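Here the structure is laid out as structure tokens; the discussion comes afterwards.
The values are calculated or read from the model by the stated rules, or taken from the named source; none is laboratory data. These numbers come from a predicted model, not from an experiment. Here the Cβ positions follow ideal geometry from the backbone for every residue, glycine too, while neighbour counts run over all protein chains shown. All accessible areas refer to the heavy atoms of the entire protein, side chains included, with ligands and DNA or RNA removed. Shrake-Rupley method; radii C 1.70, N 1.55, O 1.52, S 1.80 Å.
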Amino acid sequence: MQATDLPTQLRAASLRVTQPRLAVLSAVSGHPHADTDTVIGLVREHLPAVSHQAVYDVLRALTDAGLLRRIQPAGSIARYETRIGDNHHHVVCRSCGAIADVDCAVGHAPCLTASHDHGFVVEEAEVVYWGTCPACTAVSTSH
Ligand SMILES: [Zn+2]
Ligand SMILES: [Zn+2]
């Protein structure tokens with residue numbers, strides 16, 4: 001996936017290759033877990049005229065097409081990443097909101113097999129580990 005260039009990724013998803021789409025994909029791939037405002041800022045470094053709405057639309061189109069994964073931990077704003085398809089998990093700092101990737105503990109997606117699925121067909125398990133990041137831990141222990 002990483003070896004595929006961005007225009008090829010767009011075409012493979014049946015999306016027209018446009019400058020805003022390329023800029024958004026490239027911004028998110030360079031800044032995993034970027035929120036919408038961060039993506040807008042990065043895109044405007046290359047395309048100063050692009051509107052907020054255009055970036056929102058591109059984020060939605062790329063997420064719908066499966067090129068971006070949207071994550072939204074409880075109480076957090078939506079964030080985007082290009083690491084898709086592996087159902088990896090996230091660790092989130094309760095204090096500053098920092099997010100890092102955590103690989104599946106067991107097997108492949110869905111990595112968690114429900115102990116009782118209640119007859120549901122389970123497609124995905126979402127795991128968020130909540131805690132305090134090293135930077136925030138250092139601050140709180142130095143006071
Ligand atoms: Zn933190
Ligand atoms: Zn991630």
Under a GNM of the chain (C-alpha, springs under 10 Å), which listed residue has the highest mean-square fluctuation: 28, 17, 39? 17
Residue-level accessible surface for residue 118, protein heavy atoms, 1.4 Å, Å²: 130
Net charge contributed by nearby residues that have their C-beta within less than 11 Å of residue 26 (K/R +1, D/E -1): -1
Tell me which residues come under 5 Å, amide H to amide H, from residue 90 once H is placed; ignore anything under 5 positions away on its chain. 102, 127, 129
Just name one of 20, 96, 140: the one whose Cα is farthest towards the positive end of the charge dipole of the chain (beta-carbon charges, Lys/Arg +1, Asp/Glu -1). 20
At R0 = 22 Å the Cβ-Cβ FRET efficiency linking residue 14 and residue 84, nearest 0.05, sits at 0.85
Only four residue types carry charge here, +1 at the Cβ of Lys and Arg and -1 at the Cβ of Asp and Glu. Report the dipole size of segment 1-130 about the Cα centre in Debye, rounded to the nearest 20. 380
Quick one: Karplus J couplings for segment 66-83, per residue in order, coefficients 6.51, -1.76, 1.60, θ = phi - 60°, nearest Hz, x for Gly and Pro? x, 7, 10, 10, 9, 10, 8, x, 3, x, 10, 7, 5, 10, 10, 8, 9, 7
Of all chymotrypsin sites (Phe, Trp or Tyr not before Pro) in segment 53-143, which ones are in loop regions per DSSP and have a Cβ with at most 12 other Cβ atoms within 10 Å? 120
Counting other Cβ atoms within 10 Å, which trypsin sites (Lys or Arg not before Pro) in segment 1-92 have at most 10 and lie in a DSSP loop? 16
Virtual spin-label span in nm between residue 65 and residue 96, 7 Å along Cα→Cβ: 3.4
Let me have the relative contact order for segment 3-143, percent, based on Cα pairs under 8 Å that are six or more residues apart. 19
